[in-house]
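This report refers to the structure that appears directly beneath it.
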Amino acid sequence: MSEIRIAAETRSEFGKGAARRARRAGFVPGVVYGHGLAPVHLNLPGHDLMMALKTPNALLVVPIEGKDEFVLPKAVQREAIKRTIEHVDLLLVKRGEKVTVEIPVQAEGELAPGGNLLEHVLQALPVEAEATHLPEAVTVSVEGLEAGASIHAKDITLPSGVTLAVDGDTVVLQVIAAQAAPAEAEGTEAEAGAEA
C-alpha cells in the first residue's frame, strides 16, 4: 500500500466554534494519538482527506512537530445526511510495527446454478500486518459453490506477512439456497382446496 501525504497543520483552538470555523475553511479537525505521545490536534484538508479515505486502511503521512509521521485512521465521524467527514481520530504507527486492521473481503466467480445467494457474514476480515504493508483487500473464489457451502477465515489465502486476527473457524462467506417463490405455495393451497 502506498503512503498518502496530507498537508495537515497543528491546531490550537478547540471546541465546537473552532471546529465549525475549520470546517467552513475546508478543513477536518483530527486528533493523533499513540506511542505515549500526548494527543496532537490537527486540521486536515477536507478534500485530500476524503480522497485518501476512499482506500481502506489508508496509510497517511502527516507532519507532527516538524517531522513526517505515519498514521492510520481509527475512527471517522461523518455528518449524517451529507456524509461529509466531521472529525477523524488517527493512530500513530511506526515502520515495522504490527497493527490489527480489518480488510474488505471481495468474492469472485460464479456460484453453482440454481439461484443460490452469497451471504457475506463478515464484510471485512480482521488481520494483523506490518503498518506500512497493509493489504487493501482479500479476494476469495466462490466458483461453483453450492447451497450450504461456507468459507472460513482459515480457508482464505492471505498475503505474505499477514496473519488472521480472528478465530480460523469463523465463517466469512456462506452460500444459501434461494427461497421458493410464494406463487408456488399459493398454487398448492388452491389445489388442496379443489380436492376437498
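Taken as a whole, the condition of being over 30 Å from Ala58 (Cα atoms) and either more than 22 Å from the chain's Cα centre (by Cα) or modelled with pLDDT of 90 or more (or both) does not apply to Gly109. The test for being open to solvent by less than 40 Å² (accessible area, probe 1.4 Å) and touching a helix residue (DSSP H, G or I) at 6+ places or on another chain (Cβ under 8 Å) holds for Ile85.
The residue that is nearest to the chain's Cα centre (by Cα), among those in segment 161-182 that are at pLDDT below 90 and open to solvent by 70 Å² or more (accessible area, probe 1.4 Å), is Gln179.
Only one entry of Glu130, Glu97, Glu119, Glu136 meets the criterion of being open to solvent by 40 Å² or more (accessible area, probe 1.4 Å), of a type outside the set (Val, Ile, Thr) and free of Cβ contacts under 8 Å to residues at least 40 places away in the same chain, and that entry is Glu97.
The set of residues from segment 82-134 being of a type in the set (Lys, Arg) and over 23 Å from Met51 (Cβ atoms) comprises Lys94, Arg95, Lys98.
Assess whether Ala112 counts as being open to solvent by less than 60 Å² (accessible area, probe 1.4 Å), farther than 22 Å from Arg20 by Cα, in a strand (DSSP E or B) and small (Gly, Ala, Ser).
Numbers: open to solvent by less than 60 Å² (accessible area, probe 1.4 Å): yes; farther than 22 Å from Arg20 by Cα: yes; in a strand (DSSP E or B): no; small (Gly, Ala, Ser): yes.
Criteria not met by Ala112.
Could you please let me know if Thr188 is modelled with pLDDT of 90 or more and among the hydroxyl-bearing types (Ser, Thr, Tyr)? When the stated conditions are applied, Thr188 does not pass them.
The values are calculated or read from the model by the stated rules, or taken from the named source; none is laboratory data. What you see is a predicted model; the values in this text were computed from it and never measured. Because the Cβ atoms are built from the backbone with ideal geometry, glycine has one as well, and the counts that use them run over all protein chains shown. We work out accessible area using only protein heavy atoms, side chains counted, and drop any ligands, DNA or RNA first. Shrake-Rupley method; radii C 1.70, N 1.55, O 1.52, S 1.80 Å.
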